[in-house]
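The values are calculated or read from the model by the stated rules, or taken from the named source; none is laboratory data. The shown structure was predicted, so the numbers you read here are calculated from the model rather than taken from an experiment. Cβ placement follows ideal geometry from the backbone for every residue including glycine, while neighbour counts extend to all protein chains displayed. Surface areas here come from the heavy atoms of the whole protein model, side chains and all, with no ligands, DNA or RNA. Shrake-Rupley method; radii C 1.70, N 1.55, O 1.52, S 1.80 Å.
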Amino acid sequence: MARALHPQLQQFLTLLLLLGAGKVTAHVYLSWMAVLGWVVYATLIEHALIFSRHGKITYFSFSSLSTTLGVALMMVASPGWIYGAVLLLALAQKHWLTVDSHHFFNPSNFALIMGMLLFYDRAHVVLGQMGDAWWFGMVVVIFAVSILIRVERWQIPLSFVVSYLILEYYLLVGYDPVLTFETIWERFYSVAFIVFIAFMLTDPRTTPSRPWQQVCFGATVALVATLLDRWNGFRVQHLFMALFVLSPMVSMFEASVHDRARMIFMASLLTLIAVGIVMMIESRPPFYFAMDG
């Protein structure tokens, strides 16, 4: 009987196929050689961190590969060493910012937030790299569904999409006379936005395991992103900020009994720090990045 692919390997291969399709049909900023170089770099960093913790490499981490592709698809940075810096921070926090072997932040999302915090004028979160072809978006959805059902995280994107559309309509469109619902809906044309919903928003290690908690998580991410849009203007980075702020709270529900007090303390502290980081980024003038080519 054929052995099923590891879910993280399946996700990496899916993102790799989507990256290839994006290179052919749209405009992906990094070259193939650059992507390969950063994949090798992240793999070496990840396994060096595993060795530093355990004294030996006990497994091969496919998640570091997906982290690299997630950053490549969502961020444009110049000079190129910024990718190396944010990937290093993202992978390091996954191994060292832990309680009971549980990390608090999605590594790809953490890398994007660190890029905006440390290199605000040189690292930009963009959703235009993979274009807006409807058929490409459907391909992403089909691939995503096969993974999300397998890892039991399909409730999160469903809850997020429904909540996001409703909240943006009632809390933002009705509040801002210039903004139309068509502007909100156009965001769903972006293939990279669908990738965010399907892959970054649903990381099994930083999302709840119970179905009702997953529904609440998806809706809360939508609520926080919408409130940031209302308070600070309609900006793509608010999606990633909402996920960044809420991710540490998930650990409060997933902690074992003997570590619950320590987990709640750490999660609360990290949530406060995350809010401070978001406030620092939001205090800076917005950038409008155009994808040409």
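Brief remarks follow.
- When the range 197-230 is filtered for residues that are modelled with pLDDT under 95, under 18 Å from the mean Cα position of the chain (by Cα) and of a type in the set (Phe, Trp, Tyr), only 199 remains.
- For the range 266-284, the criterion of being more than 21 Å from residue 227 (Cβ to Cβ), at pLDDT 85 or above, assigned to a helix (DSSP H, G or I) and open to solvent by 30 Å² or more (accessible area, probe 1.4 Å) is met by at least one residue.
- Restricting the range 73-97 to residues that are open to solvent by 20 Å² or more (accessible area, probe 1.4 Å) and touching a helix residue (DSSP H, G or I) at 6+ places or on another chain (Cβ under 9 Å), the residue that is farthest from residue 52 (Cα to Cα): 80
- Residue 105 assigned to a helix (DSSP H, G or I) and either modelled with pLDDT under 90 or under 25 Å from residue 264 (Cα atoms) (or both): no
- Candidate set from the range 38-67 (those that are polar (S, T, N, Q) and closer than 18 Å to residue 203 by Cα); member that is modelled with the lowest pLDDT: 61
- Selection within the range 52-72 - over 17 Å from the mean Cα position of the chain (by Cα) and either crowded, with 16+ Cβ neighbours inside 10 Å or of a type in the set (Lys, Arg) (or both): 53, 56, 61
- Residue 29 in contact with a helix residue (DSSP H, G or I) (Cβ under 7 Å, 6 or more places away or on another chain), of a type outside the set (Asp, Glu) and more than 27 Å from residue 146 (Cα to Cα): no
- Failed item in (1) touching a Lys or Arg at 6+ places or on another chain (Cβ under 7 Å); (2) among the aromatic types (Phe, Trp, Tyr); (3) without any contact (Cβ under 8 Å) to a residue 60 or more places away in the chain, with residue 193 passing the rest: (3)
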